[in-house]
Amino acid sequence: MKQSFYDLNYSDLETVINQNNLNHSAAAVLFNWHYKKKENTQCFDKIAKSSLAFFENNFDFSLPEIDTVHESKDRTVKFLFKLKDIPLHITLH
């Protein structure tokens, strides 16, 4: 099973890139594409094909499904995500 790309922060992303001898610019490009631009499609712009292939083969870029969004009085927004691989059983009494 592939690791979720969204489990990586910028520092983790740089570490993965360095450990796999990929072009250092890939960290900034991927981070900007997926986190700042909030794109959920694969980034093909300004990144080497070898780096793209590595990330495609090793990481999952799908976003978790949002189950509930709650905005509190102080305007804090909280999200409850559905987890794909963990069965959850709730018993109501």
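Tabulated data
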quantity: Total residues in region 7-65, condition in contact with a strand residue (DSSP E or B) (Cβ under 8 Å, 6 or more places away or on another chain) and more than 23 Å from residue 81 (Cα to Cα); calculated: 0
quantity: Members of region 59-83 that are among the charged types (D, E, K, R) and assigned to a strand (DSSP E or B); calculated: 60, 67, 71, 78
quantity: Whichever residue in region 1-42 is among the hydrophobic types (A, V, I, L, M, F, W, C), under 19 Å from residue 62 (Cβ atoms) and not in a helix (DSSP H, G or I) and, among such residues, is least open to solvent (accessible area, probe 1.4 Å); calculated: 8
quantity: Lone qualifier among 22, 30 - being touching a Cys at 6+ places or on another chain (Cβ under 9 Å) and at pLDDT 90 or above; calculated: 30
quantity: Complete set of residues in region 17-70 that are small (Gly, Ala, Ser) and under 17 Å from residue 3 (Cα atoms); calculated: 27, 51, 53, 62
quantity: Selection within region 43-53 - open to solvent by 60 Å² or more (accessible area, probe 1.4 Å) and either on the phi < 0 side of the Ramachandran plot or modelled with pLDDT of 90 or more (or both); calculated: 44, 45, 49, 50
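The values are calculated or read from the model by the stated rules, or taken from the named source; none is laboratory data. No experiment lies behind these values; they were computed from the predicted model shown. Every residue, glycine among them, receives a Cβ derived from its backbone with ideal geometry; neighbour counts consider all protein chains shown. Remember, those area values only see protein heavy atoms, side chains included, never the ligands or the DNA or RNA. Shrake-Rupley method; radii C 1.70, N 1.55, O 1.52, S 1.80 Å.
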